[in-house]
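Notes to accompany the following structure.
The values are calculated or read from the model by the stated rules, or taken from the named source; none is laboratory data. Bear in mind the structure is a predicted one, so any value in this text is a computation, not a measurement. So basically every Cβ, Gly included, is an ideal-geometry build from the backbone, and we count neighbours across all protein chains shown.
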There are 2 protein chains.
Amino acid sequence: MKIAIAGAGAMGSRIGLMLHQAGNEVVLIDRWPEHIQAIREKGLIGEFEDQTITAKLPIYSPEEIVEGHTNVDLVIALTKSMQLEAMFKDINAIIGKDTFVFCLLNGLGHEETLSKFVAKQNIIFGTTTWTAGLAGPGHAKLVGTGSIEMENLAPEGKDFTLKVIDIFKQAGLNPIYSDNVRYSIWKKACINGTLNGLCTILDCNIAEFGSMSMARTLIETIIGEFAVVAKAEGIELDQAQAIEAVEATYDVKTQGLHYPSMYQDLIRNHRKTEIDYINGAVWQKGQKYQIQTPYCAFLTQLVHGKEELLNAK
Amino acid sequence: MKIAIAGAGAMGSRIGLMLHQAGNEVVLIDRWPEHIQAIREKGLIGEFEDQTITAKLPIYSPEEIVEGHTNVDLVIALTKSMQLEAMFKDINAIIGKDTFVFCLLNGLGHEETLSKFVAKQNIIFGTTTWTAGLAGPGHAKLVGTGSIEMENLAPEGKDFTLKVIDIFKQAGLNPIYSDNVRYSIWKKACINGTLNGLCTILDCNIAEFGSMSMARTLIETIIGEFAVVAKAEGIELDQAQAIEAVEATYDVKTQGLHYPSMYQDLIRNHRKTEIDYINGAVWQKGQKYQIQTPYCAFLTQLVHGKEELLNAK
């Protein structure tokens, strides 16, 4: 299968490498100049636990995707949330009538964005438990294992989605065909919608957040707001299960000592956050349905305030 | 007049010194051992702009106020909010049937606390624009000028309050008899209820807060919550005026470069904050009246969370 990875950061590098190893034709697309240069010069290095592989994969910046590029069968979207729309504007030349898009972004609201560029029946959504890191430009560090859940948005997309499942299986990516991927996306958003913003604003790691006496009340209130909005979108979130999933991360033996990605982006690296696609998306959807989501609103405002104070780019 | 200053920190030292200079019999009460020791050894030093005076004022820790102390005519309450109740439990021996209490604390909810110890007709409330600082134990730095607004809680207290106005006038404290001191207290609480918590959580000074694009929305929302609760207590807050009062502090030529007292207490000195008597009091009063105050609630929780994370004492 001819596959483009739109957003070839750490996770894009992992999935691209594993699909390439399984014999697919993989093209990387990314905006980071040093990353592009390194991969063009030395190939993409994947440092797995048991082996290091180097793959000579083609890589383009989105503006280089002009007429003349042939259509791909599948685009796997792995940009930052706020870069999704610009990416798809730029890479239109490789998207044909039969091209499918598999969206693996965290957060909410991406369905609306992708629908501008691709027919609903060609869209697949998913979530993953795989992790990935970058040791530097062109060099991915790939430890641990994971799985990928996916589902076509419209019934017409099921046949192709099952083909994707098949090639992901051959690549060892442990795909699972989901019958309710929207539920999984909302559940994951509950974890990001509590830990990301709160650890960022309180300047603490996950275990420290979990140790606070009001941690439970805060996550209950925020997840409560997510649940009411999810319900308006036809998804019945199990709030107790979502709370349990958040609290399972407090353990210092697993994720407790980590700082959530938003903390790393904003507090460490002064980069703009994805808050508009998590709590901000719930707030915005809530306004559409006339549902009050004051904790999501306030948290979004605080994170944006912090972005301004730190002059985040 | 025989006057006890209950809480003889910076502001208590200023008012105590100025009333002493005007010929009143002033007793200081405070819990800070080094402060007590310094004043007992060297007197209370007041470093004004144009002169430095040293006053040999008696000072006691609250536990030393036992039977045998004679009643005072007036207690001026100037503790931290969370220390008010314990202070009045301890100093009961100097409070007779005719003793008045003048409460100059910032924040809300002190009426309920003082009513446990003193009849309503003996309570005066007030706010002040004077400032004061401490250079160290027993040494107050007293620059600038100010005024003190005051009003008796019950009509029966008016005659005595006018006497207090008189001696404050003689002391140069610029007293103003107010016909709506509760309004002034709520208006001051609006300033503290926005700048204190938000600068503390966002880790910024007042001008930096004011520079954020969402500053206006945040203060509007919080003051809106204050106004609905104030209305339930019979006070019609002018929200536009309160917003204006907050925004007037942004100017770097006046208060803009300052960090609010809550920031200094918590972020700099790891001390517990008065949030329960500002946003927390609005939240609690709101619950009593079945009024939703989610921004006050969330901000109170975040500040308490930060207190726990910093192990504030």
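Observations on the structure shown:
- Residue match in segment A:221-232 (condition: touching a Lys or Arg at 6+ places or on another chain (Cβ under 6 Å) and in the same structural domain as A:ILE185 (by TED's automatic domain parsing)): yes
- Leading residue by the ranking (surrounded by the fewest Cβ atoms within 10 Å (Cβ to Cβ)) among those in segment A:269-313 that are within 9 Å of chain B (Cβ to nearest Cβ) and of a type in the set (A, V, I, L, M): A:LEU309
- Filter result for A:LYS163 (more than 14 Å from chain B (Cβ to nearest Cβ), closer than 30 Å to A:VAL72 by Cβ and free of Cβ contacts under 8 Å to residues at least 12 places away in the same chain): no
- Only one of the numbered conditions (1) within 22 Å of the chain's Cα centre (by Cα); (2) within 14 Å of another protein chain (Cβ to nearest Cβ) is violated by A:GLY224, and that is (1).
- Segment A:91-119: number of residues that are under 25 Å from A:CYS190 (Cβ atoms) and charged (D, E, K, R): 2
- With respect to being assigned by TED's automatic domain parsing to the domain that holds B:GLY286 and under 19 Å from B:LEU299 (Cβ atoms), B:ILE235 falls outside the description.
- Conditions (1) part of a helix (DSSP H, G or I); (2) more than 22 Å from B:ALA297 (Cα to Cα); (3) more than 14 Å from chain B (Cβ to nearest Cβ): number failed by A:VAL246: (2)
- Residue satisfying condition, being within 28 Å of B:LYS97 (Cα to Cα) and either in contact with a strand residue (DSSP E or B) (Cβ under 7 Å, 6 or more places away or on another chain) or buried (at least 20 other Cβ atoms within 10 Å of the Cβ) (or both), within set B:ILE206, B:ILE219, B:ILE165, B:ILE201: B:ILE165
- Residue in segment B:1-58 that is farthest from the chain's Cα centre (by Cα), counting only those that are acidic (Asp, Glu) and under 22 Å from B:SER81 (Cα atoms): B:GLU34
Matching residues to (1) under 18 Å from B:MET18 (Cα atoms); (2) in a helix (DSSP H, G or I); (3) under 14 Å from the mean Cα position of the chain (by Cα); (4) not basic (Lys, Arg):
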position: B:GLU112; (1), (2), (3), (4): no, yes, no, yes
position: B:PHE117; (1), (2), (3), (4): no, no, no, yes
position: B:ILE124; (1), (2), (3), (4): no, no, yes, yes
position: B:LEU134; (1), (2), (3), (4): yes, no, no, yes
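- Criterion (polar (S, T, N, Q), out of contact with any Lys or Arg (no Cβ under 7 Å at 6 or more places or on another chain) and modelled with pLDDT of 95 or more) met by exactly one of B:GLN241, B:GLN264: B:GLN241
- Whichever residue in segment B:175-193 is over 19 Å from B:GLU244 (Cβ atoms) and hydrophobic (A, V, I, L, M, F, W, C) and, among such residues, is farthest from the other protein chains (Cβ to nearest Cβ): B:ILE176
- Odd one out for A:ASN196, checked against (1) more than 14 Å from chain B (Cβ to nearest Cβ); (2) in contact (Cβ under 8 Å) with a residue 40 or more places away in the chain; (3) among the polar types (S, T, N, Q); (4) surrounded by fewer than 22 Cβ atoms within 10 Å (Cβ to Cβ): (4)
- Considering (1) within 14 Å of chain A (Cβ to nearest Cβ); (2) outside any loop (DSSP other than H, G, I, E, B); (3) free of Cβ contacts under 8 Å to residues at least 60 places away in the same chain, the lone condition that B:SER213 does not fulfil carries the number (2).
- With a requirement of 1 or more residues that are buried (at least 21 other Cβ atoms within 10 Å of the Cβ), the strands (runs of 3 or more DSSP E) lying completely within segment A:12-107 that satisfy it span A:25-29, A:44-48, A:74-77, A:100-103.
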